[in-house]
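Just below is one structure, and these are the notes that go with it.
Only the coordinates and a few stated rules stand behind these numbers; no lab work does. Here the structure is a predicted model, which is why all the values come from computation and not from measurement. Cβ placement follows ideal geometry from the backbone for every residue including glycine, while neighbour counts extend to all protein chains displayed.
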Amino acid sequence: MHSWPASPLGLLLLLQVFAASAGEILIEDVTVVTPDFEQPLLHRHVLIRDVRIADISTEPIAAAPGVKRIDGRGKFLTPGIMDSHVHVTYPPGVPPGGDDPVLVELREAFARQQPRSYLYFGVTQVLDPVNLPQGIAAFEAQPLHPDVFRCGAAPVLDGYPTVFIPQPARYEAMPDYIFEPGNADRHPLPAGADAAAHTPEAIVRRIAATGAHCVKVFVEDGFGDASGWPILSTESLRKVRAATREYGLPLVAHANALGMQQMALAADVDVIAHGLWNWDAVAGEPGVPAEIASHLREVHEQKIGFQPTIRVLPGMADLFRHDTLKDPFYKKVVAAPLLEWYASDAGRWFKDELRLDFGAETDTQIAHIYVKIAAQGMRAAKFLHDLGHPLLLGSDTPSAPTYGNQPGYDTYREMRFMAQSGIPLAAIFRAATINNARQFKLDKDYGTVAEGKIANLLLLEANPLETVRAWSLIDKVLLRGEVIERETLAADR
């Protein structure tokens, strides 16, 4: 028989206890690995209430009745991973646009699985640097999804990446373009557009009003044989820089070639959203050539955030590997209809397009070419780390319409490539957690295991400071205090 409180005050206190316990989780006797401590914290007890960490103690916590208990013995509790360079609107390997029923079905299957695939590999926060609010809303409409943030994209009129979008659809797809007066002869404003609405200041003001967390510009004059794409002038870049400071928004720049990154540095951007694998005149030289080293020292001296995005070119190479679709992790992160379609003749469309850029090279030779160029980016990333520079984890998933870049899995593979570059595991851990959180002004809520932080956490079977494979050995994902068994997120569940 229950002994109920005799007084109204006692009843109120009892009701408060039950209310407090309704959303509580207690992880007991776990090893906490957090980037604000050099060594793991042994035998910790972590109480989560609602969506935040309420208490971390070396002593057992006397939790209220009804608390969900998790045995943490032999497990490692870490912050969830943040990938600060993803594109949540684009299904890897699927042609853009069109109303073909088969492609529509594939896009829908991808949309349902994509957020679960990020979570499957422990990615609990993502940043999409070019999306519109409606694209983010579609991602958030899925029942389970990482916390998602966005930059507002500010391309130059008719420049990258809009150059790949037919007119006039490009102006609807990326409406916040900047009109560059110096390009007016070759790239005039579309009919009916107002030049005053497309100045750097007006575009940044418009982006800020949408609630974006950052602004992205594109310093890119061409890929491969293509060149001469319009780019923002130095004066326009400086105006963008001044406007983003006015609104307190980080300025992110697409730039992966030496010359383009030098322009980004001159504009005093906050983040370079690509690694340095295009070395221009010194491409193919061994080690880290003096010109590359000098540039990377400037990146370090100016304290510019740097995303190595090493997986971009290997993701292209994967199209030319016979075993890519046999990777067992693909069944975990790729919806079955999509995986089947990739293996069809239609699914190899982008590989066929890329092959046009090569002569008589075999698939193996083409894959090697991509990997050789990527190795330059790996050496640059390691050089920058050795200077003491804090790197940022960003996978650029998908960097192109290649099925070699898959949500979540490519974040993990980006970390593996960083490790193969010689970057220590502790630095990779920081890149995936606190560095990203600080760079994008999210460290109040994310990045460490600490009281008051949002409970986006991972329970791992291995210590990520001892093996990079730990990030693939996830037992449970905690998303805003909700406990998710990893395998329930798999595409083949």
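Estimated translational diffusion coefficient (Stokes-Einstein, Kirkwood radius over Cα pairs, 10 °C, 1.306 mPa s) of segment 284-380: 100 µm² per second. Take the Cα of Asp386, step 7 Å toward its Cβ, do the same at Ala426, and the gap between the two points is 1.9 nm. Can you classify segment 81-439 as rounded, prolate or oblate using the Cα gyration tensor, where a ≥ b ≥ c are the square roots of its eigenvalues, rounded means a/c under 1.5, and otherwise it's prolate if a/b beats b/c and oblate if not? Rounded. Projecting the Cα positions of Gly80, Ala62, Pro91 onto the charge dipole of segment 55-117 (unit charges on Cβ atoms of Lys, Arg, Asp and Glu, taken about the Cα centre) puts Ala62 furthest along the positive direction.
Please state the relative contact order of the chain as a whole percent: Cα pairs under 8 Å, 6+ residues apart?
On the way: 981 pairs, mean separation 100.4, N = 493.
That works out to 20 percent.
Counting only lysines at least 8 places from Lys68 when in the same chain, those with an alpha carbon closer than 25 Å to its own are Lys453, Lys476. Restricting attention to segment 81-439, lysine pairs at least eight places apart or on different chains and with alpha-carbon atoms under 26 angstrom apart total 11.
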